[in-house]
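The values are calculated or read from the model by the stated rules, or taken from the named source; none is laboratory data. Everything numeric in this text was worked out from a predicted model, so none of it was measured. With ideal geometry, Cβ positions are generated from the backbone for all residues, glycine too; neighbour counts draw on all protein chains shown.
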Ligand code: JFZ
């Protein structure tokens, strides 16, 4: 009987949802873009894993289920209880292979008059498709377990996949991707009207700002909940030196970077290019009056660098109302899932709808950028979360329709990116299997935008370590600078970049166009860069020995990278007799053949000819008949 009621109430809810979706789409008919095909009915609960207590294998207080993972992403685990039987004194132990946690049962959401949901904050992730087991140990009287996709990786209906695949697999995209893979190192630039404030508002540092959320300098408006009118005053004094474009392009080139990605519009909504669909841009609203994005584009092309733009499509604190928060929350509340407010303007949203923002500003501006910059190679979307599958697809498609040579990153939403990232300032583990090429973006201190008081600069050695680690795992590094309001790059960060640039130019053969070798590294275990906040809190204390090596490969060469500069004998186990048949071993930079000898345990090389102050060296090992 109970299960019949449950079945019925589930059906009923689905009907409500369909009705709501129908109502929304009817009332917004005027704005609906009809250029997209397959719009289908889709219920996000279709992507949930729901496990009923009655289906569990029970042993004492432990309940276990086998289930199938179709989408290997991040999830949250929820326990649904009967309100009357709920007992918050319980702790629940959750075990999934390799990921275990124990948490108190908290009343997180009420979903109807009978049921409440407890959501465990700990994120679980599945890296592979296929069967999994979960067991729950609890004395609580629950009804079912729900495993729900994390809001950062919404899963759609899959209805656009075929159409997406055709574009993604086109010759133009694949050629662009090949070029991107060879590039390895790019320069990210976070620059906007916030750069003048340097992370300080009315004498208060952003780290002491009163509101929750990231404390990076480009989040100034959000951190202090500055009213739109007041914040936009910053535009009136934005007047960089005209030399910024040439200086930055030159710095990127000297640093060994092959592409540049600048914030054409960040979450604050301010466009650094001459936008026709908004007056809130550098030409209409600042004394500078010229198109900074176009200027940098031209300077980069002159230096032979590829050019890309960051564009915050999901968040726009000026014109994007509440980032669709309230609409999404209504649906989520009825389903008993949390709606993350961070990054949404809830303090003073614009009065238009989010759909209107997309139609009147975001889609048009993306088109403007594509037309303004005919040689554009990448659009780096950001601020997703609350846009729909159809909207994310439309961003991807409108880029492709205008210029199929332009790559699109993962954060465009759903699974429409041409390549992946593992989260900012995060490097994937060598045991991770990613189904697309990837890029790690990282800061050079602990902020993206210019923060006048953040002097926690990553040293050349630390930067090089991340880069080499990424190289050995086969990804790109998009390393950020935060120019100040005048467009000047803080001197220490520029110096540090030039320093790694020197190393990169010396050792370029071990870098550009390489792929991961069969082994990523040898020596000490991997320490991962695990997010902006993690590095800020922990600092960097890693040291390297002459037994630590990273590998890359190209054609019949294996490159061995060391982050030390000691001369003398080194032993490389991964290139021992039997593992590799060697023709020649050279030191990159001076092209000198070194003395080497192979036995069944290792390759022995005598390192000589290293300049004194180098950050490390790379060997080129040529293999026979590979
Ligand atoms: C976003 C922005 O909010 C931030 O200002 C900056 O532009 C950065 C590059 O991107 O922040 C993010 C986005 C995604 C993750 C973390 C921070 N993530 O996936 O972990």
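Tell me, please, whether a residue that is assigned to a strand (DSSP E or B), without any contact (Cβ under 8 Å) to a residue 60 or more places away in the chain and more than 32 Å from the chain's Cα centre (by Cα) can be found in region 69-86. The answer is no, given that none of the residues of region 69-86 is assigned to a strand (DSSP E or B), without any contact (Cβ under 8 Å) to a residue 60 or more places away in the chain and more than 32 Å from the chain's Cα centre (by Cα). Scanning region 432-445 for residues that are over 14 Å from residue 479 (Cβ atoms) and either part of a loop (DSSP other than H, G, I, E, B) or within 11 Å of the ligand (Cβ to nearest atom) (or both) gives 432, 433, 434, 435, 436, 437.
Taken together, the criteria place residue 439 among residues that are at pLDDT 95 or above, within 17 Å of residue 532 (Cβ to Cβ) and under 13 Å from the mean Cα position of the chain (by Cα). Checked against the criterion of being farther than 29 Å from residue 374 by Cβ, crowded, with 21+ Cβ neighbours inside 10 Å and at pLDDT below 95, the candidates 470, 427, 500 yield just one match: 427.
Is it the case that some residue within region 589-611 is surrounded by fewer than 19 Cβ atoms within 10 Å (Cβ to Cβ), within 16 Å of the ligand (Cβ to nearest atom) and not in a loop (DSSP other than H, G, I, E, B)? Checking region 589-611: not a single residue is surrounded by fewer than 19 Cβ atoms within 10 Å (Cβ to Cβ), within 16 Å of the ligand (Cβ to nearest atom) and not in a loop (DSSP other than H, G, I, E, B). Among the conditions (1) more than 14 Å from the chain's Cα centre (by Cα); (2) away from the ligand (no atom under 16 Å from the Cβ); (3) closer than 22 Å to residue 155 by Cβ; (4) surrounded by 19 or more Cβ atoms within 10 Å (Cβ to Cβ), residue 333 misses just one, which is (4). The residues of region 190-221 that are within 17 Å of residue 479 (Cα to Cα) and surrounded by 24 or more Cβ atoms within 10 Å (Cβ to Cβ), listed by number, are 191, 216, 217, 218.
Among the residues of region 471-482, the ones that are within 16 Å of the ligand (Cβ to nearest atom) and either part of a helix (DSSP H, G or I) or more than 17 Å from the chain's Cα centre (by Cα) (or both) come to 1 in all.
When residue 340 is tested against (1) out of contact with any helix residue (DSSP H, G or I) (no Cβ under 8 Å at 6 or more places or on another chain); (2) away from the ligand (no atom under 16 Å from the Cβ); (3) at pLDDT below 95, just one condition goes unmet, and that condition is (2).
Considering region 364-387, the residues that are in contact with a helix residue (DSSP H, G or I) (Cβ under 9 Å, 6 or more places away or on another chain) and free of Cβ contacts under 8 Å to residues at least 60 places away in the same chain include one that is farthest from residue 310 (Cα to Cα), namely 371. Annotation: of all residues in region 401-418 being within 16 Å of the ligand (Cβ to nearest atom) and over 24 Å from residue 214 (Cβ atoms), the one that is surrounded by the fewest Cβ atoms within 10 Å (Cβ to Cβ) is 415.
Annotation: residue 354 fulfils all but one of (1) out of contact with any strand residue (DSSP E or B) (no Cβ under 7 Å at 6 or more places or on another chain); (2) in contact (Cβ under 8 Å) with a residue 60 or more places away in the chain; (3) buried (at least 18 other Cβ atoms within 10 Å of the Cβ); the unmet one is (2).
Conditions tested, residue by residue: (1) in contact (Cβ under 8 Å) with a residue 24 or more places away in the chain; (2) surrounded by 18 or more Cβ atoms within 10 Å (Cβ to Cβ); (3) not in a strand (DSSP E or B).
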{"site": "136", "(1), (2), (3)": "yes, yes, no"}
{"site": "156", "(1), (2), (3)": "yes, yes, yes"}
{"site": "166", "(1), (2), (3)": "no, no, yes"}
{"site": "176", "(1), (2), (3)": "yes, yes, yes"}
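When 107, 93, 102 are screened for being surrounded by fewer than 17 Cβ atoms within 10 Å (Cβ to Cβ) and within 30 Å of residue 344 (Cα to Cα), only 107 passes. Scanning region 529-566 for residues that are surrounded by fewer than 14 Cβ atoms within 10 Å (Cβ to Cβ) and either in contact (Cβ under 8 Å) with a residue 40 or more places away in the chain or farther than 15 Å from residue 617 by Cβ (or both) turns up 533, 534, 537, 538, 539, 541, 542, 543, 555, 556, 566. Taking the numbered list (1) in contact with a helix residue (DSSP H, G or I) (Cβ under 8 Å, 6 or more places away or on another chain); (2) more than 16 Å from the ligand (Cβ to nearest atom) in turn, residue 147 passes all entries but (1).
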